[in-house]
1. For Leu119, tell me the accessible area in Å² from a 1.4 Å probe, rounded to the nearest 10.
2. Mind putting together the pair-distance distribution for the stretch 116-206? All Cα pairs, 5 Å bins, whole percent per bin, short to long.
3. Compute the orientation-averaged projected area for the chain from the convex hull of its Cα atoms and round it to one decimal in nm².
4. Starting from the Cα-Cα distance between Ala97 and Asn118, subtract it from 0.36 nm times their residue separation and give me the gain in nm to one decimal.
5. List residues of the stretch 192-206, by number, whose backbone nitrogen lies under 20 Å from a label position 7 Å along Cα→C-beta of Arg141.
6. Measuring from centroid to centroid over Cα atoms, what is the spacing of the stretch 83-140 and the stretch 169-206 in Å?
7. Is there a quick way to get the dipole size of the chain? I mean about its Cα centre, with the Cβ of Lys and Arg at +1 and of Asp and Glu at -1; what is the value in debye to the nearest 20?
8. Using R₀ = 35 Å, calculate the FRET efficiency as 1/(1 + (r/R₀)^6) where r is the Cβ-Cβ separation of Leu2 and Ile197; round to 0.05.
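The values are calculated or read from the model by the stated rules, or taken from the named source; none is laboratory data. Everything quoted here is computed from the prediction, not taken from an experiment. Heads up, the Cβs are rebuilt from the backbone with ideal geometry, glycines too, and the neighbour counts pull from every protein chain shown. For the accessible areas, the whole protein counts, side chains as well, though only heavy atoms, and no ligand, DNA or RNA atoms are used. Shrake-Rupley method; radii C 1.70, N 1.55, O 1.52, S 1.80 Å.
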Amino acid sequence: LLPFIERSFGVLTDLSLLEVGDVAHPLLQELVRRAPGTYNHSINVASIGEAAAEAIGARGLLVRVGAYFHDVGKMLKPAYFIENQGQENRHESLVPAMSTLIIIAHVKEGVELARQYNLPQPIVDIIAEHHGTTLVEFFYRRAEELSQTDPNGTEIDEQNFRYPGPKPSSKESAVMMLADAVESASRALTEPTPARIAGLVHDLAM
């Protein structure tokens, strides 16, 4: 009766979360097969996010399971995301605007996959909200640089390089968003000392 009660009253129990978060879940198995780098990133985000959520009295288990699935949309074009790339970077042959469209699309595609696999609504919400309306900064800066060197270059509209949202609507979704940003940025640090990581986490949170 539990699934019926949960659907009727819009609640999600820890029992159901544990079931959904099982590594044998078909969608997670597909992610492992098609985008192993993204899966590894998701496991790290889950660990960071769960600890952070519990520290502020939010549902750590919801953040952990949401983190497992937050980037499932990347498996449709895995080679365009840095954690799955080898020597080749496919973005080098694309203009920044096109790269941004591919990067941003992983959120919408992730939501569609989550619905296909009947994931609970709170997990779908985390997938939809995990970038909020943040800027795809790398490609925005690159577009600006190209515009300045091009004599016919038009002004770059920052809005075209932003995720469409929505912004996080719960503590868990907000923690997930920060954990995702922190994991990605700290992995890119050249000398990740504890002090540098602490400074980076503070800057991202602010």
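1. 20 Å²
2. Taking every Cα pair in the stretch 116-206, the percentages come to 2, 12, 16, 16, 17, 14, 12, 7, 3, 1, 0.
3. Numbers: hull surface 52.3 nm².
The orientation-averaged projected area of the Cα hull of the chain comes to 13.1 nm².
4. Values: separation 21, 0.36 × 21 = 7.56 nm, distance 3.23 nm.
Additional length available on full extension: 4.3 nm.
5. Taking a point 7 Å out along Cα→Cβ of Arg141, the residues of the stretch 192-206 whose backbone N falls under 20 Å are 192-193, 196-206.
6. 18 Å
7. Working: 17 positive and 27 negative charges, 69 e Å.
Here the chain has a charge dipole of around 340 debye.
8. Values: r = 41 Å, r/R0 = 1.16.
Step by step, r from the Cβ atoms, then E = 0.30.
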